[in-house]
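For reference, the structure is listed below as structure tokens.
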Amino acid sequence: MFLFTQVNWSKKMSKSIANLTYKLLIREIEDILDSCHYHSYRHVFAIPELRQQLMTNVLNRVPACYALVEEDEEMHVDATIVPNVISSQLHYVVAEEINRLVEDQEAWVSHHIPQEVGAGFAPSNWFG
């Protein structure tokens with residue numbers, strides 16, 4: 001006895017290859033910058049050119065992980081899909097590259113991004 005399943009080829013979905021490392025990188029950068037105690041780090045990497053440089057440097061240093069996904073499907077990266085070795089390496093390399101780029105751009109950062117001022121040292125707007 002044969003069992004045939006009917007396949008509706010007219011609703012065939014296209015698949016595409018997605019770089020999971022790239023999606024995880026974006027999330028990792030945000031997580032690290034959110035946890036940074038230094039005010040200037042968040043401002044430095046709000047500049048698109050420096051953020052792109054950070055992403056390029058990191059992607060050149062970590063292996064890529066790909067998945068096959070439906071083309072019209074919004075892709076959300078489940079960190080468990082990416083091997084632990086890549087996730088750990090990604091976290092380490094992002095933190096290292098953030099520090100390196102800030103050090104390399106130190107002169108520019110000190111002239112263009114104001115230092116964070118404690119509340120006790122800020123001028124009061126009480127007097128108008």
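Values quoted throughout were computed directly from the atomic coordinates according to the rules given, and no laboratory measurement underlies them. Please read all numbers here as calculations on a predicted model, not as lab measurements. A quick note on method: Cβ atoms are made from the backbone with ideal geometry, for glycine too, and the neighbour counts reach across all protein chains shown.
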Placing each pseudo-label 7 Å from Cα in the direction of the beta carbon, Glu71 and Ala46 end up separated by a distance in nanometres of 3.9
Taking every other residue with Cβ under 12 Å from the Cβ of Arg51 and scoring Lys and Arg +1, Asp and Glu -1, one gets -2
